[in-house]
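Data first, discussion second: the structure below is written as structure tokens.
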Amino acid sequence: MNLLAKLITYIFQPLLMPTMVFYTILFHINNSSNLTVRGRWTIISLIFITTCLVPMLTVLMFRATKVIKDLHMNDRKDRYLPFIFISLFYLIVSYMIRTQEWMTPDMLVAFFGITSVVILINAITFFWKISAHAAGVVGWLGFVLGFQRLYPTTNTLFWPLVLAIFLVGVVCWARLYLNAHKPKEIFAGAALGFIISFASVVLFI
């Protein structure tokens, strides 16, 4: 069970959230983009590389150079430098992609919402060990529910919704099982991720 919890934590990490959100928009909301299927996968690959892969490699570099003690970063102080880098990196990516031709209003609002979650989670970490995992996975659920409300008849969001609910359960379980967070830290991260993500869709699209 310990190995399973660790695998869940490593695979379904907060940095995967932008990729899941963009996949949801591009493939589960009708007429969300005039791109071809190949073009949509290209965008998802770009989002994955810039918002997940590059930050992950940076965290691995911090571990290899012993800037952080372990990849779980259970010590809150170990999170300071990686989280500062990730926040700055997301801000830079937000600035760079905002004027791209393929960027639709839905995607732009979603990415700014994601960046807001990242920055707030990272800022709170300086004072309290809030759960970034919970914020990420419940944030995706917030976007799915927001899009479901916004486009009730022009979407195929059933399976993303089912998967998001499932992942909320298993990811939060894994973090608690590994003693990485207390229940209140999980709840706080989940609440922050959901409120900002859902509100971004409802208020700004």
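Nothing in this text is a laboratory measurement; each read-out follows from the coordinates by a stated rule. Here the structure is a predicted model, which is why all the values come from computation and not from measurement. Note that we place each Cβ from the backbone using ideal geometry, even for glycine, and neighbour counts take in every protein chain shown.
As an exercise, take the mean of 1/r over every pair of distinct alpha carbons in the stretch 2-204, invert it, and state the Kirkwood radius in angstroms. Write down the numbers at each step before the final one.
Numbers: mean 1/r = 0.0585 Å⁻¹.
Computed over the stretch 2-204, the radius equals 17.1 Å.
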Close Lys-Lys pairs in the chain, where close means Cα under 13 Å and separation is 8 or more or interchain: 4
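So what is the calculated 222 nm ellipticity per residue for the chain, using -39500 (n - 2.57) for each DSSP H run with n of 4 or more, over all residues, to the nearest 500 deg cm²/dmol? Before the final figure, lay out each step's value.
Details: 9 runs with 145 residues, N = 205.
Roughly -23500 deg cm²/dmol at 222 nm, from the helical runs in the chain.
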What is the extension gain from residue 84 to residue 202, computed as 0.36 nm multiplied by their sequence separation minus the C-alpha to C-alpha distance, in nm to one decimal? 39.6 nm
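Fewest to most neighbouring Cβ within 10 Å: what's the order for 23, 10?
Details: 23 18, 10 12.
Fewest-to-most ranking of 23, 10: 10, 23.
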Using only Cα atoms, what Kirkwood radius does the stretch 86-177 have, in angstroms? 14.7 Å
Separation between Cα centres of the stretch 11-68 and the stretch 101-118, rounded to whole Å: 13 Å
Expected max-MSF residue from 117, 67, 144 in the GNM of the chain (alpha carbon, under 10 Å) is 67
